[in-house]
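The values are calculated or read from the model by the stated rules, or taken from the named source; none is laboratory data. Being a predicted model, the structure only gives us computed values, none of them experimental. Note that each Cβ is placed from the backbone with ideal geometry, even for glycine, and that neighbours are counted across all protein chains shown.
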Amino acid sequence: MKSKNNSSKDANMYAVLGAAALVVLFAAPIVAQTGGIPGVVAPGVGSELVQEGFTFTEGPVGTADGGLYFSDIRVNRVFHLDPAGKVTVVRENTNGTNGIALTKEGDLLFAEGGGPRISKRGYDGTITTVTDSFQAKPFLSPNDLLVDARGGIYFTDPGPRPVVAGRATYVFYLSAGAKEPIAIDTQVPRPNGLTLTRDGRTLIVDDTLNPTVYAYDVQADGTVKNKRSFAQLRDIPAGAESGADGMAIDRDDRVYITTIAGVQVFDAAGRYLGTIKSARQGANVAFAGPDKRTVYITAREGLYRIRTLAQGPDRLGK
């Protein structure tokens, strides 16, 4: 679901066509959260619109000062929401950037679906390629990414839409300073969102096509073993894709996963706790704000937020 259009005219045309297609795919309205989730969201607290007028928002990541970066895939832009609530464009012509991450040096990393590559923006605004191939072949369409404590990068490469039966998909790990990643899983039908537990010992990856969410034990070199089921998503209609997309984790290792049914929340053992709703179907989620007690949801044409009892992880970004 990415575009590589760089002209405004083409981008706008694609945005209109893409939005029309989304009306068919996601026509059912989603009501706001009201019931509460113990320890996560207080009863009666609902999500609220921050700003709309976008095309397909994605990739949120909170900043140390309480701000937020997020992408708009179809018009090839990355935005910044500052702590005062002002939204500005910080990058144009993003090659369909989806996921965004921060390095400890303060650089921005981008999963460019249309690149296809992982790129980096330095302090001077220069964009450079971090990695763009595996075994001498270009990536398919990188989707989401996360930086670990070693400076390595986990990222998913499910390939572009439409889904092609038999086409390889990848979960990758790129060691700090390396140019080519290691494929740590090629068996998830369509890997998408991913996160690490606070101690960095467990990697969690979801699947856009199916309700199973996977967990892996992280090794000292960043590779993984012991793949297993972490959780089963709820309220997915029979025969429908789960829509599992971006995810976040809080300070108690509760996991927040965007799906067609809303942002589903699971405890550290994978037990379902409840679902956070927003007016549009969410594509990704992140904790942000000065105290990391606000969950931001990128949801199609809008950016939403909900005040939480839970607090985001005590680490940079997600």
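Of all residues in the stretch 43-60 being in a strand (DSSP E or B) and hydrophobic (A, V, I, L, M, F, W, C), which is surrounded by the fewest Cβ atoms within 10 Å (Cβ to Cβ)? Among those that are in a strand (DSSP E or B) and hydrophobic (A, V, I, L, M, F, W, C), it is 49. Only one of the numbered conditions (1) in a strand (DSSP E or B); (2) under 21 Å from residue 200 (Cα atoms) is violated by residue 253, and that is (1).
Looking only at residues in the stretch 158-186 that are closer than 20 Å to residue 212 by Cβ and touching a residue at least 40 places away in the same chain (Cβ under 8 Å), the one that is surrounded by the most Cβ atoms within 10 Å (Cβ to Cβ) is 158. Looking at 58, 52, just one residue is at pLDDT 95 or above and either small (Gly, Ala, Ser) or within 20 Å of residue 318 (Cα to Cα) (or both), and that residue is 58. When the stretch 256-290 is filtered for residues that are at negative phi, surrounded by fewer than 18 Cβ atoms within 10 Å (Cβ to Cβ), outside any strand (DSSP E or B) and at pLDDT 95 or above, the ones remaining, listed by number, are 267, 268, 269, 271. Of all residue pairs spaced 6 or more apart or on separate chains, those with beta-carbon atoms under 7 Å, a first member in the stretch 303-314 that is under 24 Å from residue 88 (Cα atoms) and aromatic (Phe, Trp, Tyr) and a second member that is surrounded by fewer than 20 Cβ atoms within 10 Å (Cβ to Cβ) and at pLDDT 95 or above are 304/48; 304/49; 304/50. Right, residue 132: among the charged types (D, E, K, R), farther than 25 Å from residue 81 by Cα and either modelled with pLDDT of 95 or more or loosely packed, with under 15 Cβ neighbours inside 10 Å (or both) or not? Here the answer is yes, as residue 132 does meet what is asked.
Whether a residue is hydrophobic (A, V, I, L, M, F, W, C), modelled with pLDDT of 95 or more, buried (at least 17 other Cβ atoms within 10 Å of the Cβ) and within 18 Å of the chain's Cα centre (by Cα) was assessed, and residue 218 does not pass this test.
Flag: residue 295 matches the condition of being touching a Ser or Thr at 6+ places or on another chain (Cβ under 7 Å) and β-branched (Val, Ile, Thr).
The one condition from (1) small (Gly, Ala, Ser); (2) touching a strand residue (DSSP E or B) at 6+ places or on another chain (Cβ under 8 Å); (3) modelled with pLDDT under 95 that residue 239 does not meet is (2).
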